[in-house]
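Trainee: Take a look at this one; I'll ask things after.
The values are calculated or read from the model by the stated rules, or taken from the named source; none is laboratory data. All values reported here derive from a predicted model rather than from experimental measurement. Backbone-built Cβ (ideal geometry, glycine too); neighbour counts: all protein chains shown.
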Amino acid sequence: MAPTDPDVLVDLFAPFAPVTIRRMFSGHAIYRAGVVFALSISGEIFLKCDAESAPTFVAEGLTPFVYATRRGETTVGSYRRMPEACFDDEDALRRWANLAWQAGLRADRARPRRPVKPP
């Protein structure tokens, strides 16, 4: 069971980098330098992944984030469960959190920006 308290999440990720926590739906989004790279939802932590990093997550057997809707379950493949080793091993935490942050950076760069309207 992963921590859900924002202060505990900040402490957990401290070996990786300073993070900020924002409330999101029924959990929290975890940010580094304004880029979301992890979610803490329902007592679990999920790390951001993308086409480049997903094979690493899949090779470790890390399952995607799944949530229930009225129509059944929805799978969010861009977030996968954080390895248990990250809770006890700072090197593992840094490695996996960095993979997630890099995926977050790539997603942030790929996101279309809204044009600024003149006054």
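Trainee: Could you tell me how many of the residues in the stretch 74-119 are modelled with pLDDT of 90 or more and either surrounded by 12 or more Cβ atoms within 10 Å (Cβ to Cβ) or in a helix (DSSP H, G or I) (or both)? Before you say what the answer is, go through the steps one by one.
Mentor: Filtering the stretch 74-119 for residues modelled with pLDDT of 90 or more gives 78-107.
Then drop every residue that is not either surrounded by 12 or more Cβ atoms within 10 Å (Cβ to Cβ) or in a helix (DSSP H, G or I) (or both), which leaves 78-87, 89-107.
Total satisfying the criteria: 29.
Trainee: Restricted to the stretch 36-73, and to residues that are in a helix (DSSP H, G or I) and aliphatic (A, V, I, L, M), which residue is farthest from GLU84 (Cα to Cα)? Even if it seems obvious, please write down each step before you answer.
Mentor: Filtering the stretch 36-73 down to residues in a helix (DSSP H, G or I) leaves 54-59.
Add one more test, that the residue is aliphatic (A, V, I, L, M), and what stays is 54, 58-59.
On the way: ALA54: 17, VAL58: 15, ALA59: 15 Å.
Looking at the filtered set, the residue picked out is ALA54.
Trainee: Sticking with this structure for a sec: How many of the residues making up the stretch 9-66 are touching a Cys at 6+ places or on another chain (Cβ under 8 Å) and among the acidic types (Asp, Glu)?
Mentor: 0
Trainee: Does ALA38 satisfy the criteria of being within 18 Å of PRO6 (Cα to Cα) and either among the charged types (D, E, K, R) or crowded, with 18+ Cβ neighbours inside 10 Å (or both)?
Mentor: So ALA38 fits the description; yes.
Trainee: Just to verify a result, which residue in the stretch 23-51, among those that are at pLDDT 95 or above and among the basic types (Lys, Arg), is farthest from TYR79 (Cα to Cα)?
Mentor: If we take residues in the stretch 23-51 being at pLDDT 95 or above and among the basic types (Lys, Arg), then ARG32 is farthest from TYR79 (Cα to Cα).
Trainee: Something else now. Hey, any hits in the stretch 69-85 for a residue that's among the charged types (D, E, K, R), touching an Asp or Glu at 6+ places or on another chain (Cβ under 9 Å) and closer than 15 Å to ALA100 by Cβ?
Mentor: Filtering the stretch 69-85 for residues among the charged types (D, E, K, R) gives 70-71, 73, 80-81, 84.
Filter again for touching an Asp or Glu at 6+ places or on another chain (Cβ under 9 Å), leaving 80-81.
Next, from what is left, pick out any that are closer than 15 Å to ALA100 by Cβ: 80-81.
Yes, there is a match, as at least one residue in the stretch 69-85 is among the charged types (D, E, K, R), touching an Asp or Glu at 6+ places or on another chain (Cβ under 9 Å) and closer than 15 Å to ALA100 by Cβ.
Trainee: Identify, by number, the condition in (1) touching a helix residue (DSSP H, G or I) at 6+ places or on another chain (Cβ under 9 Å); (2) touching a residue at least 24 places away in the same chain (Cβ under 8 Å) that PRO64 doesn't meet.
Mentor: (2)
Trainee: Of the residues in the stretch 6-35, how many are over 16 Å from LEU93 (Cα atoms) and either in contact with a strand residue (DSSP E or B) (Cβ under 6 Å, 6 or more places away or on another chain) or not in a helix (DSSP H, G or I) (or both)?
Mentor: Start the filter on the stretch 6-35 by keeping residues that are over 16 Å from LEU93 (Cα atoms), which leaves 6-7, 20-29, 33-35.
Next, from what is left, pick out any that are either in contact with a strand residue (DSSP E or B) (Cβ under 6 Å, 6 or more places away or on another chain) or not in a helix (DSSP H, G or I) (or both): 6, 20-29, 33-35.
Number of matching residues: 14.
Trainee: ILE30: of a type outside the set (Gly, Ala, Ser), surrounded by 12 or more Cβ atoms within 10 Å (Cβ to Cβ), more than 13 Å from CYS86 (Cβ to Cβ) and free of Cβ contacts under 8 Å to residues at least 40 places away in the same chain, yes or no?
Mentor: So ILE30 does not fit the description; no.
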